[in-house]
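Beneath this line is the structure, given in structure tokens, with notes to follow.
Every number here is computed from the coordinates shown, using simple stated rules; none is lab data. Predicted model, so just to flag it, every value in this text is computed and none were measured. Neighbour counts run over all protein chains shown; Cβ positions are idealised from the backbone, glycine included.
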Amino acid sequence: MGERSEWRDTSSGSPRTTASTTGFTPKQAKFRAFLDHSQGCPDCDYGNRRCDVAQGIWEAWRAMPQ
Ligand SMILES: [Zn+2]
């Protein structure tokens, strides 16, 4: 662990699941963004409580293909 990578929201929505420049697939990057948020957000208790931001990321992650 260690390096953080900013995940950019490309709302244009590519259905493809190509690996990003970070080596993560968009879905992996999304999940990472969720973890990063959870760890840094005072309103999020990882695994239990989620703020609206985390919930939005989570829902987006779930909706993504592999
Ligand atoms: Zn949060």
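Taking 7 Å along the Cα-to-C-beta vector as the label spot, tell me the A63-F24 distance in nanometres, rounded to one decimal.
Rounded to a tenth, the inter-label distance reads 1.9 nm.
How far is it, in nm, from the label point at D43 to the one at Q55 when both lie 7 Å from their Cα along the line to the Cβ?
1.0
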